[in-house]
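Encoded as structure tokens, the structure appears first; notes follow it.
The values are calculated or read from the model by the stated rules, or taken from the named source; none is laboratory data. All of these numbers come straight from a predicted model, not from anything done at the bench. We place every Cβ from the backbone using ideal geometry, glycine too, and count neighbours over all the protein chains shown. With ligands, DNA and RNA removed, areas are computed over all heavy atoms of the protein, side chains included. Shrake-Rupley method; radii C 1.70, N 1.55, O 1.52, S 1.80 Å.
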Amino acid sequence: MKVGIVQFPGSNCDEDAWFAVVDQLHEQAVMLWHKDHDLQGADVIVLPGGFSHGDYLRAGAIARFSPIMQQVAAHAERGGVVIGICNGFQIACEAQLLPGALLRNNVGYRSLSVTIRVERTDSPMTAAAPIGACLTMPIAHGEGRFTMSEAELDRLEGDGQVLFRYVNADGQPTPDANPNGSMRNIAGICNAGRNVVGLMPHPERAMEPLLGSSDGRVLFESLLVAANA
Amino acid sequence: MTFRVAVHVLPRRGILDPQGKAVCGALHSLGFAQVADVHVGRHIVIETTAESAAAASASVTAMCHKLLANPVTEDFSIASVEST
């Protein structure tokens, strides 16, 4: 597996994604500058967290027009795997690689450890995770409130595109467990083709016990399982 | 000709606007009990060349659809078009 990690001006989880893929999984990775026009043969594209272009206008709104996003969109169109984490999820939504929008949190900026429940295993980022698994990992964002119309949301749920929900210690998606006001406690989704995944929590920052949790590993290991399937 | 086009971008009605709610609460606590609701958005001014005011307005509308407003959650309106 070769992972291409896109660096936008203001990305700050690019090195964490590199650490997860290269240091932890011992797989290949390549850094891709946002002005590049070549994915350098990467099978999986990671849009990392950060504050691309200063989050001016709306988070992700300007990054979606970076030159490399044309290649990323073409890769997704061909069925290639694209993973958007935090700011990367916002960019993927703005680029319409994923449905919906991520609005300002209902309670301001949040930086804390959350628990998310795996809702589906038929995606490249959950293929190795048991269904219903409750994973602990950090969030750090001000604009993560997943939003779309109720009708679209019903369709998203019906098509099994909700991959992760924020849950409490009992694994239940209660209002108290929802850190940002996301509709139906949604923490991560995939597109209809199931090859583009976006999530607000940071699995790349939960790769070993020293970091407070190693629950993010199974999501990166899923990429390997999906790549070899 | 050159024009200065002003655009208002606001959260769509019915979508929770935490900034508006926070400002509304602050106004209430300052004694402005008459305030029914507050919406916080963006005011964007574009200086552009165009053949006419109508053409300037049309091109800024296209900019709103493509970049300045999120079609999922925001509404926009052209507030003014001034010849400069």
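Tabulated values for the structure
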{"quantity": "Candidates A:I68, A:I62, filtered to the one that is touching a His at 6+ places or on another chain (Cβ under 8 Å) and within 14 Å of chain B (Cβ to nearest Cβ)", "calculated": "A:I62"}
{"quantity": "Total residues in region A:30-59, condition within 14 Å of chain B (Cβ to nearest Cβ), in contact (Cβ under 8 Å) with a residue 40 or more places away in the chain and assigned to a loop (DSSP other than H, G, I, E, B)", "calculated": "2"}
{"quantity": "Residue in region B:23-37 that is within 13 Å of the chain's Cα centre (by Cα) and either at negative phi or free of Cβ contacts under 8 Å to residues at least 12 places away in the same chain (or both) present", "calculated": "no"}
{"quantity": "Test: residue in region A:72-93 that is within 14 Å of chain B (Cβ to nearest Cβ), open to solvent by 20 Å² or more (accessible area, probe 1.4 Å) and either of a type in the set (S, T, Y) or in contact (Cβ under 8 Å) with a residue 40 or more places away in the chain (or both)", "calculated": "no"}
{"quantity": "Scope region B:8-60; condition β-branched (V, I, T) and either surrounded by 14 or more Cβ atoms within 10 Å (Cβ to Cβ) or assigned to a loop (DSSP other than H, G, I, E, B) (or both); matching residues", "calculated": "B:V9, B:I15, B:V23, B:V35, B:V38, B:V40, B:I44, B:I46, B:T48, B:V60"}
{"quantity": "Selected residue (only one of A:N195, A:N168 is over 15 Å from the mean Cα position of the chain (by Cα) and among the polar types (S, T, N, Q))", "calculated": "A:N168"}
{"quantity": "Residue satisfying all of: in region A:103-118; more than 14 Å from every other protein chain (Cβ to nearest Cβ) and open to solvent by 40 Å² or more (accessible area, probe 1.4 Å); farthest from A:C86 (Cα to Cα) among these", "calculated": "A:R117"}
